[in-house]
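The values are calculated or read from the model by the stated rules, or taken from the named source; none is laboratory data. Everything numeric in this text was worked out from a predicted model, so none of it was measured. All Cβ positions, even for glycine, are placed from backbone atoms using ideal geometry, and neighbour counts span all protein chains on display.
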Amino acid sequence: MAASISDIRLLLRVKSLPKSADSRRVFITGGTGRIGSSLIPILLERAHRVRVLVRPGSKAKLPAECEVVSGNALDANSYRQLIRPADTFIHLIGAPHPASATAGELRAIDLNAAREAIDVCAELGVHHFIYLSVAHPAPIRRDYVAVRAECEQMIQNRNLNSTILQPWYVLGPGHRWPYALLPFYKVCEWLPFTRQAALRLGLVTLDQLILAFVEAVETPAHGARIVRVPEIRAAGRNLPHEVIRKGA
């Protein structure tokens, strides 16, 4: 799998950090997408064991060091027996083009896949469930936001130990045009009456989101933990201190 310059830069940065004291067994759905393909090499570099659920045609897109298993993310019965001995489940499944997806497509893919994953993790007693959601409330992308919020509620209803990450827009390769909005965001963050919304719906980089995932894996939640945009932005600064503290 060819790595981008951004992925290589992040990998080199992670190599300089102390390793976590505890190696996790991580099961990932949606690992061949934009987020998963950047996250998996970082988890492997940090000595975590990674098993990825994919469609058979997607196997070649993943690093050789991770374990690849086949199944249908919309049917947990197809992968239930493959989850153990994972202690951490990362759910990244979603419609391939969420900005243009219809409400029906989002419910058929995002909602159904999340329901299957949440239910099977609750039944198996998976220690930590990590879910990629979206910042809300928000004035646009209402169908997408509604489905993700419904998934969050399902996680809470099943009383899973969970980390829910809530970015709004993730900057990175192929997603750079919103950099032009950064001056506008800075002004809105400064103004008292727009500050809260600007921070909630702020931009994060792909590197920041990946480091937030790593931090979630290495510091499991007890109960429900919400990681919003300001915490995602801070993940790159917090991770070294968390790792050093745990290894002390």
Any idea which of Pro63, Pro85, Pro96 is at pLDDT below 95 and either more than 17 Å from the chain's Cα centre (by Cα) or of a type in the set (Phe, Trp, Tyr) (or both)? Pro63
Pick out the one residue from Thr102, Thr88 that is farther than 17 Å from Gln156 by Cα, among the polar types (S, T, N, Q) and touching a residue at least 40 places away in the same chain (Cβ under 8 Å). Thr102
Residue ID - surrounded by the fewest Cβ atoms within 10 Å (Cβ to Cβ), chosen from residues in region 158-183 that are of a type in the set (S, T, N, Q) and in contact (Cβ under 8 Å) with a residue 60 or more places away in the chain: Asn161
Being over 21 Å from Leu10 (Cβ atoms), acidic (Asp, Glu) and surrounded by 14 or more Cβ atoms within 10 Å (Cβ to Cβ), is that true of even one residue in region 202-212? no
Selection status of Asp110, of a type in the set (Asp, Glu), on the phi < 0 side of the Ramachandran plot and under 16 Å from the mean Cα position of the chain (by Cα): yes
Filter region 214-242 down to residues that are at pLDDT 95 or above, under 20 Å from Arg24 (Cα atoms) and charged (D, E, K, R), then give me how many there are. 1
Among Arg46, Arg51, Arg84, the single one that is crowded, with 16+ Cβ neighbours inside 10 Å, charged (D, E, K, R) and out of contact with any Asp or Glu (no Cβ under 6 Å at 6 or more places or on another chain) is Arg46
Starting from region 130-149, keep only residues that are on the phi > 0 side of the Ramachandran plot, then list their pairs with residues that are at pLDDT below 95 and not hydrophobic (A, V, I, L, M, F, W, C) whose Cβ atoms are within a distance under 9 Å, requiring at least 6 positions of separation or different chains. Arg141/Pro98
